[in-house]
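Please treat every number below as a calculation from the coordinates, not as lab data. Source: prediction; values computed, not measured. Ideal geometry is used to build each Cβ from the backbone, glycine not excepted, and the neighbour counts take in all protein chains shown.
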Amino acid sequence: MTKRKTGYYITDNLSLFYYRYIFRFSSQMNVMEPDTFYDRYISGDFEFQYVPHAFEELCRQYLIRWSRAGLIPEPFEKIGKYYYENPVIRESGDFPSSVRSRIA
């Protein structure tokens, strides 16, 4: 018998915010001023991790809904991330919520 590990993730942005910042650091929040708590536990992660991922998910949902409604001129087959590397300037990154259409 094989044991399978199951992973879950929270899709509701408000619940995700609560469990990521408030619930996780509730002891610290109870003894700190709100501004200090925000600066120490929320600020950096919120601006560089939480918001970009939430925005990426919103864009993905938007593209899917518009495609299903026929509001995008060229329907796409897949949606995901596009990773790139530019060796000339030694840069790499990704384009979140890129789409791939059928090539005629």
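Taking a straight Cα-Cα cut-off under 16 Å and skipping sequence neighbours fewer than 8 places away in the same chain, no aspartates and glutamates fall within cross-link reach of LYS5.
Across the stretch 53-61, rounded Karplus estimates of 3J(HN,Hα) from the backbone phi angles (6.51 cos²θ - 1.76 cosθ + 1.60, θ = phi - 60°) give 5, 5, 5, 4, 5, 4, 4, 4, 4 Hz, Gly and Pro being marked x. Evaluating 6.51 cos²θ - 1.76 cosθ + 1.60 at θ = phi - 60° for every residue in the stretch 6-23, the Karplus couplings come out as 10, x, 10, 9, 8, 9, 7, 4, 5, 5, 4, 4, 4, 6, 6, 10, 7, 4 Hz, glycine and proline recorded as x.
From least to most packed, judged by other beta carbons within 10 angstrom and beginning with the fewest, THR6, THR36, THR11 follow the order THR6, THR11, THR36.
If the chain linking PHE55 and ILE79 were pulled fully straight, counting 0.36 nm for each residue of separation and taking away their Cα-Cα distance, it would gain 7.2 nm.
Annotation: extensible slack from THR11 through SER26 equals 3.3 nm (criterion: 0.36 nm per residue apart, minus Cα-Cα distance).
When you filter the trypsin sites (Lys or Arg not before Pro) in the stretch 1-52 for DSSP loop state and at most 14 other Cβ atoms inside 10 Å of their Cβ, you are left with LYS3, ARG4, LYS5, ARG24.
Would you please classify the overall shape of the stretch 13-101 from the alpha carbon gyration tensor, given that a ≥ b ≥ c denote the square roots of the eigenvalues, rounded means a/c under 1.5, and beyond that prolate means a/b larger than b/c while oblate covers the rest?
Details: a/c = 4.38, a/b = 1.77, b/c = 2.47.
Oblate.
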